[in-house]
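Down below is the structure, laid out as structure tokens.
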Amino acid sequence: MKKRSAVLLVITLLVLLYGVIYPNLFVVGTSLQRDGGWTFANYREVLSQSIVLEAILNSIGLSVFTVLLCAIIGVPLAFLFERFDFPGRRVFAALAALPLVLPPLVGTVAFIFLYGETGILAHGIQNLFALETPPWSLQGWAALLFFHTYTMYPFFYVLTGAGLRRVDASLAEAARSLGASRSVVLRRVLLPQLTPSLIAAALLTFMTSMASFSAPLLFGGNVRVLTLEIFTARQRGDLVMAVTETVVLAIISLAALIFFQRYEGTRKFAAATMKGAPRRRAAIASGKTRVLATIIAIVFAILLVLPVATLVLVSFAREGSWTTQTLPSDYTFANYVRVFSEPLAAEVFVNSLSMSAIAAVAALLWSFCVVTLLVKPGRGRGRLFAKSWRRLLSLLVLIPWALPGTVVAVSVAEAYGRPGSLLGSFVLVGTFWILPAVYFLRFMPLVVRALQASMEQLDPALDEAAGSLGARAWQRFTRVTLPLVWPGAVAGTLLAFVIALGEYVASVLVFVPANRPISIAIASELRDFNLGAAAAYGVVLIVIISISMVVAGKLEKIRG
Amino acid sequence: MPLLSLKNVSRSFGSTRAVADVSLDVEQGEFFGLLGPSGCGKTTTLRMIAGLEKPDSGTIQFQNADITNLPAERRGFGMVFQNYALFPHLNVFENVAFGLRARHASKAEMTKRVASALELVQLPGYGKRAVDELSGGQQQRVAIARAIAIQPALLLFDEPLSNLDVSLREETRSELRELVTRLGLTAVYVTHDQEEAYALCDRISVMVGGRLMQTGEPRELYEHPSDIAVARFLGRNNLIEAMRLSSSNTNEGEFKTLEGSHTLRLPIKHSELSPLNQPVFLAIRPEHVQIHTNGDSGTNSLRGNIREIVFAGATSTVRVDADGLLLEALVLQPDGLAVNQECTVVLPHDRLTLLQNQSG
């Protein structure tokens, strides 16, 4: 192996050792220890509590139902909007992925303002019918499933849509010419080809739902889930309980990952590489169907935008002007003035922006090390590793993304909460660096994935051509590889950056009071009933995220 | 002394032997072809010459120096890739200047050499264009300009014309040959297209299944393939399975065909005598097979019956059944010939070739 590769390997392994391997092993080790001896006692004790078992069942049940609901909503919408053309289609299609970029905490807050028992809808109905009490309360299973479906259906919508675009139209035509009816074509030709997309969507939805924290915290009611249990156990200082539950949550998440991926492996099709034209969207000509489709498009578009619109509205509401009225009665810029000019309030922007930027840039730099090792080099360059090592490496990189944020935060906090063997006397917990470190770990897989995709698209002949023209390795990297992959890599970095900006799940476990991120500020404003300020924070966050996503989209186009 | 010399070069990928024990010499100023069906190892051989692939065993010498382990960037060979591999983020000028920049050429030098390279490929003034604005043929020329701008010690081509359409291919082909000759360059050219190889190359090596089967001038390969695999690849040969008769001890070899039991004679060297009573293959090109209707009966003339006449423009193919031996003849004008007509087929004895390797 060349010296250069050895340096990259050392950097990669050090980060994985400190960030992934050690903290996770530490947590597992802690959960298996009591009074200095190895034992399963913690598990026996924790798993014998009915409240813990209930949390486990709730988490899994919530995730399963979330997957089903998201599929029921997302898949038909994908078929409707991908295969047919009608007025209103574009409006919805442009908004469809909106919930994906909405930070969960901000979404939760918006839902409370809109659908909560003192929210706009409930107030409106109460005032309209002069009811004594609010018509409903946004609590428990129904509330959680409603919110989860809103935020996670795009996984199914986007992936099914992409899958449909890849399906070769001539296959369906061939089936029709062989005498298959429309429903047979759907069942026996289309759906089997969509299976990989559907499984990927189910996996993402399941994992996101298992990791969900904001919604169970704010309107889960008596539905206790694992992430919440871990949080409260840590809050009351029951570290053994927290650590043991963390391991249980990690095991469920990884088991789901393995289960889905194994199934996915059995259903892979080479369809994407075959020749053939994608199917054109068919215009819906029939009057009634056309009207119906248009109505569906408009209704769903409104449903998508309403929470964000509500947030914007409330952000302009004067404090105290929104008590029993349907809509706030008095509007002002005071909330924005407050979050931007009060030193304590404005500070959180600087905090979040700097911590997320540090994490994202570190992830970008590090991903170059990892991807150089991961991507199969040009045919001629000797391979650095055997395939199995590369697979292990990419698995290790993916773990922090697959694990719920709660697990990552708890494991880092536990492993580096006191002087230890890896950091000497340095204690990470309680310093500025804990959150950038956690953000880095959580979101670097996104950057690695983006860069890896860009690198793999690169024609190996370009590097070879540069070599045959006399360019040395460094020249080839700076003059050929880098100019071609940076748009994709920066787009991935921006994505990691904006997700880190709105991060709440892990932040709430390890943040330092002197260095609060935006999400913590939103939660505390909400607790103090400063609804306008909470909303204003949310709106500013959404604006920053939107700008970043537009830039990322433009970069993606450069790459294409 | 050859300019480039491969000695017993082998390369495997996993369990497949892509290149097996290949030895060849390329002379200074020669246009050398590597010809073979896809997957025969010709591209891998070229990539080993370029330094993009390392041989598992064997050596590569250039100007008498061992370059087997020299990385591509230090060989100074220009290479034209099948898909051109133009840098999409650089314009035409920067693409052509790439190798000069890597060599830290001065600005004046670079401008001059890029301009002259573009001139040579007939794209003067195209420097500012983006490469994706160019047509396939123009991209091709840029790729060639880029390779010759570094004044390569050896020019390597990996099927450079295969992405062009037919008429453009022939035009580019002759320009390419002319350019290489004018610059006095030595070239190694990989192709699966025999016509292209015949038209371009001074000498050609035919590779089949990772092995180098025969090296020679185009005409030699065409008329006298030494081996059944070569004869099959070079196409449209009549392959006749026959046994050498024990009675022949003169300079003429005497063979009996397995189908039709005809006796065929051909001149044969004693060193090439095949074992008795073992089937061997004889080959003859269809255009050398003569068909008469007037009952000629000289050496190697067989009685036959015309089975099929296929008109294909300039020539026609006539298929004849000579007592079970099926033969194909290429005739310019099938006048006076008709299906089911009796005829005489003549296989001129100096056109018949005995194939050496019978393994195919």
**OP:** Given the conditions (1) in a helix (DSSP H, G or I); (2) surrounded by fewer than 21 Cβ atoms within 10 Å (Cβ to Cβ); (3) more than 14 Å from chain B (Cβ to nearest Cβ), report the number of the one that residue A:522 does not fulfil.
**Re:** (2)
Subject >> Selection status of residue A:206, closer than 24 Å to residue A:95 by Cβ, part of a helix (DSSP H, G or I) and touching a helix residue (DSSP H, G or I) at 6+ places or on another chain (Cβ under 9 Å) >> reply: no
Subject >> Residue, farthest from residue A:166 (Cα to Cα), within region A:61-88, restricted to residues that are free of Cβ contacts under 8 Å to residues at least 60 places away in the same chain and of a type outside the set (A, V, I, L, M) >> reply: A:61
Subject >> Criterion violated by residue A:449 - all others in (1) out of contact with any helix residue (DSSP H, G or I) (no Cβ under 6 Å at 6 or more places or on another chain); (2) free of Cβ contacts under 8 Å to residues at least 12 places away in the same chain satisfied >> reply: (2)
Subject >> Candidate set: region B:124-145, residues that are under 19 Å from residue A:465 (Cβ atoms) and over 29 Å from the mean Cα position of the chain (by Cα); chosen: the one surrounded by the fewest Cβ atoms within 10 Å (Cβ to Cβ) >> reply: B:132
**OP:** State all residues of region A:128-186 that are outside any loop (DSSP other than H, G, I, E, B), among the small types (Gly, Ala, Ser) and at negative phi; if no residue qualifies, say none.
**Re:** A:142, A:143, A:161, A:162, A:163, A:169, A:170, A:172, A:174, A:175, A:177, A:183
Original post:
Could you say whether any residue in region B:158-176 is over 21 Å from the mean Cα position of the chain (by Cα) and within 13 Å of another protein chain (Cβ to nearest Cβ)?
Top reply: no
**OP:** Scan region B:86-125 for residues that are more than 22 Å from residue A:481 (Cα to Cα), away from chain A (no Cβ under 14 Å) and among the β-branched types (Val, Ile, Thr) and report the count.
**Re:** 2
Subject >> Set A:532, A:538, A:488: member being in contact with a strand residue (DSSP E or B) (Cβ under 7 Å, 6 or more places away or on another chain), touching a residue at least 60 places away in the same chain (Cβ under 8 Å) and at negative phi >> reply: A:532
Subject >> Positions within region B:92-116 being polar (S, T, N, Q) and touching a helix residue (DSSP H, G or I) at 6+ places or on another chain (Cβ under 7 Å), in sequence order >> reply: B:95
**OP:** Confirm whether residue A:392 is closer than 30 Å to residue B:56 by Cα, surrounded by fewer than 19 Cβ atoms within 10 Å (Cβ to Cβ) and modelled with pLDDT of 85 or more.
**Re:** yes
Subject >> All positions within region A:404-427 that are assigned to a loop (DSSP other than H, G, I, E, B) and either closer than 16 Å to residue A:234 by Cβ or touching a strand residue (DSSP E or B) at 6+ places or on another chain (Cβ under 7 Å) (or both) >> reply: A:404, A:416, A:417, A:418
Original post:
Restricting attention to region B:94-110, which residues are part of a helix (DSSP H, G or I) and under 37 Å from the mean Cα position of the chain (by Cα)?
Top reply: B:94, B:95, B:96, B:97, B:98, B:99, B:100, B:101, B:102, B:110
**OP:** Those residues that are acidic (Asp, Glu) and within 13 Å of another protein chain (Cβ to nearest Cβ), I need them from region A:444-499; list them, please.
**Re:** A:459, A:463, A:464
**OP:** For region B:44-85, name all the residues that are at the interface with chain A (Cβ under 10 Å from one of its Cβ atoms), assigned to a helix (DSSP H, G or I) and surrounded by 15 or more Cβ atoms within 10 Å (Cβ to Cβ).
**Re:** B:44, B:47, B:48, B:50, B:72, B:73
Subject >> Residue list for region A:259-318, filter: modelled with pLDDT under 75, over 19 Å from residue A:78 (Cα atoms) and among the β-branched types (Val, Ile, Thr) >> reply: A:266, A:273
Subject >> Of residues in region A:218-244 being free of Cβ contacts under 8 Å to residues at least 60 places away in the same chain and part of a helix (DSSP H, G or I), the one surrounded by the most Cβ atoms within 10 Å (Cβ to Cβ) >> reply: A:233
Original post:
Counting only residues that are more than 17 Å from residue A:15 (Cα to Cα) and of a type in the set (D, E, K, R), which one in region A:395-446 is surrounded by the most Cβ atoms within 10 Å (Cβ to Cβ)?
Top reply: A:414
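The values are calculated or read from the model by the stated rules, or taken from the named source; none is laboratory data. Keep in mind the model is a prediction, meaning the values are calculated, not measured. Because the Cβ atoms are built from the backbone with ideal geometry, glycine has one as well, and the counts that use them run over all protein chains shown.
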